[in-house]
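Have a look at the structure below before the remarks.
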Amino acid sequence: MAGNIVHFEINAKDANRAKRFYSSLFGWKYKDSEIPGIEYYVIDGANPGGAINPMQADAGPVVYFDSDDIDASIAKVRDGGGEAEDKQPIPSIGWFSGCKDTEGNEFSLYQSDESAPMPEGQPQG
């Protein structure tokens, strides 16, 4: 359903330190995302889904909101005075777009789509 939180990321300068901290706090266990060339640790069993992301170490946590039509949602963000990146694929999972609202808060949009391709220039499986 559009607007529901479907995923969150905890950005980390030191992924192993962050994983130890949250494992100790919540008992979280992790699995590798298995996306080639990407260091990203999916939290096993979290609801909504979540991950530790060392790729964006200087940002705070990011919340992903569900979208029924990511292209239309990106346009609405831009029309409403926010910022939205062009959509990017998550291979075989869906699409996302990094955004900022009118107050400077970062968030992301997500649309499920199993046909989402591997980004150009990325190694295949």
Search the stretch 1-35 for residues being over 21 Å from LEU109 (Cα atoms) and under 16 Å from the mean Cα position of the chain (by Cα), and hand back the single one that is most open to solvent (accessible area, probe 1.4 Å).
GLU34
Test for ILE38: is it farther than 18 Å from TYR110 by Cα and among the aliphatic types (A, V, I, L, M):
yes
In the stretch 36-51, which residue that is farther than 24 Å from ASP68 by Cβ and out of contact with any strand residue (DSSP E or B) (no Cβ under 8 Å at 6 or more places or on another chain) is least open to solvent (accessible area, probe 1.4 Å)?
PRO36
Take the conditions over 19 Å from MET1 (Cβ atoms) and either β-branched (Val, Ile, Thr) or assigned to a loop (DSSP other than H, G, I, E, B) (or both) and apply them to ALA59. Does it pass?
yes
Conditions first: (1) in contact with a helix residue (DSSP H, G or I) (Cβ under 9 Å, 6 or more places away or on another chain); (2) surrounded by 16 or more Cβ atoms within 10 Å (Cβ to Cβ); (3) at pLDDT 95 or above. ILE70 passes all but one, so which condition is the exception?
(1)
Would you confirm, using the coordinates I've provided, whether ASP86 is closer than 18 Å to ALA2 by Cα, assigned to a loop (DSSP other than H, G, I, E, B) and not hydroxyl-bearing (Ser, Thr, Tyr)?
no
Check whether at least one residue in the stretch 62-77 is touching a residue at least 24 places away in the same chain (Cβ under 8 Å) and small (Gly, Ala, Ser), and report yes or no.
yes
What pairs can you find where one residue is in the stretch 103-118 and among the small types (Gly, Ala, Ser), the other is part of a loop (DSSP other than H, G, I, E, B) and open to solvent by less than 40 Å² (accessible area, probe 1.4 Å), and their Cβ atoms are less than 8 Å apart, with a gap of 6+ or different chains?
ALA116/PRO91
TYR40 being without any contact (Cβ under 8 Å) to a residue 24 or more places away in the chain and not hydrophobic (A, V, I, L, M, F, W, C):
yes
Within the stretch 79-108, can you find the residues that are open to solvent by less than 50 Å² (accessible area, probe 1.4 Å) and touching a helix residue (DSSP H, G or I) at 6+ places or on another chain (Cβ under 6 Å)?
ALA84, TRP95, SER97, CYS99
Suppose we filter the stretch 88-104 for residues that are under 14 Å from SER33 (Cα atoms) and among the hydroxyl-bearing types (Ser, Thr, Tyr); how many remain?
1
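The values are calculated or read from the model by the stated rules, or taken from the named source; none is laboratory data. Owing to the predicted nature of the structure, the values given are computational and were not obtained by experimental measurement. Because the Cβ atoms are built from the backbone with ideal geometry, glycine has one as well, and the counts that use them run over all protein chains shown. Surface accessibility is based on the protein's heavy atoms, side chains included, excluding ligands, DNA and RNA. Shrake-Rupley method; radii C 1.70, N 1.55, O 1.52, S 1.80 Å.
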